[in-house]
Amino acid sequence: MKVKTFKSGAKREDKSHKPRPDLISPYFEERLGFVLSKGAEVHGARNWEKGLPDDSALSSLIRHLMAYKMSKSKGYTKLSNNPEDDHLGQAAFNLMVLIHNEEINKLKQI
């Protein structure tokens with residue numbers, strides 16, 4: 001284990017190999033948070049953790065990316081009072097589900 005020593009003499013485990021969630025955009029977190037909030041109202045909080053299948057998340061991801069591309073081609077953006085869903089936020093949600101499922105499956109193999 002690598003140890004980092006501070007100017008004060010205090011020591012702590014070197015964190016250079018740890019993830020850096022502090023580098024994630026707060027705008028990304030906020031948009032994803034709004035998608036999760038809306039989903040919680042409709043389906044219940046943390047419903048997605050019960051096990052959404054990969055094929056469902058992947059097809060939804062593709063549909064939202066396609067809808068985003070079509071929306072952009074029409075000149076719509078969320079800032080121009082676009083009445084459509086937050087397609088990028090929904091896409092982020094579906095990516096989160098796929099990543100979550102991969103990590104859960106890794107734990108099941110241990």
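The values are calculated or read from the model by the stated rules, or taken from the named source; none is laboratory data. Just so it is clear, the model here is predicted, and its values are computed rather than measured. Positions of Cβ are generated from backbone atoms using ideal geometry, with glycine treated the same way; all protein chains shown enter the neighbour counts. Note: accessible area is taken over every heavy atom of the protein model, side chains too, but ligands, DNA and RNA are not part of it. Shrake-Rupley method; radii C 1.70, N 1.55, O 1.52, S 1.80 Å.
The table that follows gives values for the structure above.
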{"quantity": "Yes/no for Leu98 being open to solvent by 50 Å² or more (accessible area, probe 1.4 Å), on the phi < 0 side of the Ramachandran plot and aliphatic (A, V, I, L, M)", "calculated": "no"}
{"quantity": "Residue count for the stretch 9-66, restricted to those that are under 19 Å from Leu98 (Cβ atoms) and small (Gly, Ala, Ser)", "calculated": "7"}
{"quantity": "Any pair with Cβ under 8 angstrom, 6 or more apart, that starts in the stretch 28-48 at a residue that is of a type in the set (Lys, Arg) and ends at one that is open to solvent by 60 Å² or more (accessible area, probe 1.4 Å)", "calculated": "Arg31/Leu88"}
{"quantity": "Selection status of Lys15, free of Cβ contacts under 8 Å to residues at least 24 places away in the same chain and surrounded by 10 or more Cβ atoms within 10 Å (Cβ to Cβ)", "calculated": "yes"}
